[in-house]
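S.K.: There's a structure below that I have some questions on.
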Amino acid sequence: MEKLRTVRGVHDLLTDELHKHNKVIDVGLEISDKYNYSQIETPIFEFSEVFTKPLGKSSDIVTKENYIFKDRSEDELMLRPEGTSGVVRAFLNAGLVQDIPQRFSYYGPMFRYERPQKGRLRQFKQLGIECLGLSSSMADIEVISLGYDFLDKLGIINQIDLKINTLGDFESRQKYRNALTTYFKDYQNKLSKDSIRRLVVNPLRILDSKDYEDQKIVRNAPNILEFLNIESKVRFEKICKGLDHLNIKYNIDKNLVRGLDYYCHTAFEFVTNKLGSQGTVLAGGRYDGLSKILGGPDIPGVGWAAGIERLALMISSDFVPVTDVVLMGQAESFNYLLLPIMKKLVQSGIKTEIIYNGNLSKKFKRANKIKASYAIILGEEEINKNVIKLKNLKLGSEEFLDLDQAIKRMRNE
Ligand code: ATP
Ligand code: MG
């Protein structure tokens, strides 16, 4: 029979890779906790409007990349493509607006119908943080600092550059938008199809185009920094100053944007050249308009999301699968006696496997294969004397001990 396949862009995760994912998650949650961000978990699917309202009908995520479906009650649901909208929705629903600031961390699977390649999947995981209720530029600095420390703790910060930019406030962005539209209109017949569409809905998104020809045109596009009003300019300078205080190096990238309308002011990305074209490992910015779009009051927010798969590709693995001890009975009927022994070993924190099948030589082969450190062997003689045989598989030495002694021996006590 033909094997059942997984869906394109969706993968099983086995030991080593999964271990790396978990390490990224552990490090991310731990450093977030130290910055006083509390973990939150929101549903993997929601009414689609939670995502489509903020993202806008024209965004790639909504038009091309969405997993929208109707359930049996004809409700239109969407597998979440990102974490921020759900977190802000949850924050509003929980009535926390009176209790700001709120700091959240989260991780979990996201879903986007994209063209799969290395570091780009249809089901992928993100770990993110959101800081809600603070409009001060200090919050932006804090959030970037947390991202930096996360990558530092993963041991990869020296392979990563921080790019930042500002989108200014609404007024500055409006002026900039007009200037961009005028500029790009002159290149209309050279722009990619996607970008011609963006020219009408949101010219800022052309700056983010992955198309090579578009990128050539983008290079000489007007610079946002020249369109900032004084407040926006001062705000951006404060953020740069804060990063200087933290000794965090950054490059200002005038073409770095978040395409969505609710983003304002700070945009940043941590980027590596070690992963080919999928180089952005952590990206974020300020999204003061989001809460209102979701039906709440005007609550400012800033945060980021990191791609767990991309980070996992960068970290080294210290994962070596080992088993502390294997249990083997000389006859199959002894397997029952091995059960309470296993229970006690497990309770003592020893990683144990009973090898049920085969003769002793087969069992030793299995023990070798899983790199067990010890074997406990139970035969007629041991049962009569109420002891077990403990074999050190590295040294080949054997001892007859009672179980407590054996536990001590294995723990090096
Ligand atoms: P990209 O420009 O690579 O498409 P994006 O702007 O769509 O990224 P965000 O929505 O900002 O990405 O998501 C934050 C991070 O999540 C990205 O920087 C990346 O590390 C990761 N990410 C996004 N989409 C995918 C995907 N399809 N597969 C794996 N990781 C992803
Ligand atoms: Mg994308």
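Bear in mind that the values in this text are calculations on the coordinates, not laboratory data. Not measured: the values here are computed from a predicted model. For neighbour counting, all protein chains shown are included, and Cβ atoms are generated from backbone atoms with ideal geometry for every residue, glycine included.
S.K.: Taking the Cα-to-Cβ direction at TYR336 and at ALA94 and moving 7 Å from each Cα, how far apart do the two end points lie in nm?
M.R.: Between TYR336 and ALA94, the simple spin-label model gives 5.2 nm.
S.K.: Counting DSSP beta bridges in the range 1-121, what percent are antiparallel, to the nearest 5?
M.R.: Approximately 80 percent, going by the DSSP bridge assignments.
S.K.: So if we plug the beta-carbon distance of ASP26 and ILE370 into 1/(1 + (r/R0)^6) with R0 = 25 Å, what FRET efficiency do we get, rounded to 0.05?
M.R.: 0.55
S.K.: Treat each spin label as a single point 7 Å out from the Cα along the C-beta direction, and report the ILE315 to VAL10 distance in nm.
M.R.: 2.6 nm
S.K.: Next up: Using +1 on the beta carbon of Lys and Arg, -1 on that of Asp and Glu, and nothing else charged, what's the dipole of the range 323-412 about the Cα centre, debye to 20?
M.R.: With Lys and Arg at +1 and Asp and Glu at -1, about 480 debye.
S.K.: A further question follows. In what sequence do ILE206, ILE160 fall when counting other Cβ within 10 Å, fewest first?
M.R.: Result, fewest neighbours first: ILE160, ILE206.
S.K.: Same structure again: Write down the Å³ per residue value for the convex hull defined by the alpha carbon atoms of the range 1-67.
M.R.: In the range 1-67, the Cα hull volume divided by residue count equals 163 Å³.
S.K.: Cα extents of the range 323-412 along the three principal axes, largest first, in whole Å?
M.R.: If we take the Cα atoms of the range 323-412, the spans are 30, 30, 23 Å.
S.K.: Assuming 0.36 nm per residue, please report the length gained on full extension of the stretch ILE252 to ASN273 beyond their Cα-Cα distance.
M.R.: Working it through step by step, the gained length comes to 5.8 nm.
S.K.: Go ahead and estimate [θ] at 222 nm for the chain from helices alone: -39,500 (n - 2.57) per DSSP H run with n ≥ 4, summed, over the residue count, rounded to 500.
M.R.: Dividing the helical sum by the residues of the chain leaves -11000 deg cm²/dmol.
S.K.: Right, next: Where the convex hull is taken over the Cα atoms of the chain, what is its projected area averaged over directions, in nm²?
M.R.: 27.8 nm²
S.K.: Let me ask something else about it. In whole percent, what relative contact order does the chain give with Cα contacts below 8 Å and a gap of six or more residues?
M.R.: Across the chain, relative contact order equals 15 percent.
S.K.: Quick check: the distance between the Cα centres of the range 121-153 and the range 156-171, to the nearest angstrom?
M.R.: Centre-to-centre (Cα) distance: 12 Å.
S.K.: Continuing with the same structure: Quick one: if the Förster radius is 25 Å, what FRET efficiency do GLU17 and ASN357 give, using the C-beta to C-beta distance and rounding to 0.05?
M.R.: Rounded to the nearest 0.05, the efficiency is 0.30.
S.K.: Ok, one more. When you take every Cα atom in the range 254-413, what is the radius of gyration, and what is Dmax, the widest Cα pair distance, in Å?
M.R.: Cα only, the range 254-413: 28.0, 80 Å (Rg, Dmax).
S.K.: Mind sorting ILE129, ILE239, ILE217 by how few other Cβ atoms lie within 10 Å of their own Cβ, fewest first?
M.R.: ILE217, ILE239, ILE129
S.K.: Just subtract the alpha-carbon distance of ASN384 and GLN117 from 0.36 nm times their residue separation and send over the number in nm, one decimal.
M.R.: 90.0 nm
S.K.: Additional query: Pull up the DSSP beta bridges for the range 323-412 and report the antiparallel fraction as a percent, rounded to 5.
M.R.: Roughly 45 percent of the beta bridges in the range 323-412 run antiparallel, per DSSP.
S.K.: Another question, if that's okay. May I ask you to derive the relative contact order of the range 6-112, considering only C-alpha pairs under 8 Å and at least 6 residues apart, and to give it as an integer percent?
M.R.: Answer for the range 6-112 is 33 percent.
S.K.: Comparing VAL87, VAL200, VAL62, which has the greatest mean-square fluctuation in the GNM of the chain with Cα pairs linked when under 10 Å apart?
M.R.: VAL200
S.K.: Counting other beta carbons within 10 Å of each Cβ, put GLU2, GLU65 in order, fewest first.
M.R.: GLU2, GLU65
S.K.: If you average the alpha carbon positions of the range 289-342 and of the range 214-278, how far apart do those two centres end up, in angstrom?
M.R.: So the two Cα centres are separated by 34 Å.
S.K.: What is the Rg over Rh value, at two decimals, for the range 264-354, using alpha-carbon atoms and the Kirkwood definition of Rh?
M.R.: 1.39
S.K.: Quick one: work out the % antiparallel among DSSP beta bridges in the chain, nearest 5.
M.R.: Percent antiparallel among DSSP bridges in the chain is about 80.
S.K.: Then there is this: Using the C-alpha gyration tensor of the range 153-259, what are the square roots of 5 times its eigenvalues, in whole angstrom, with the largest one first?
M.R.: Semi-axes, largest first: 28, 19, 10 Å.
S.K.: Also: Over the range 323-412, what is the relative contact order in percent, taking alpha-carbon pairs closer than 8 angstrom and at least six residues apart?
M.R.: 30 percent
S.K.: Sort out for me the Cα centre separation of the range 357-385 from the range 182-197, rounded to whole Å.
M.R.: Cα centroid of the range 357-385 versus Cα centroid of the range 182-197: 72 Å apart.
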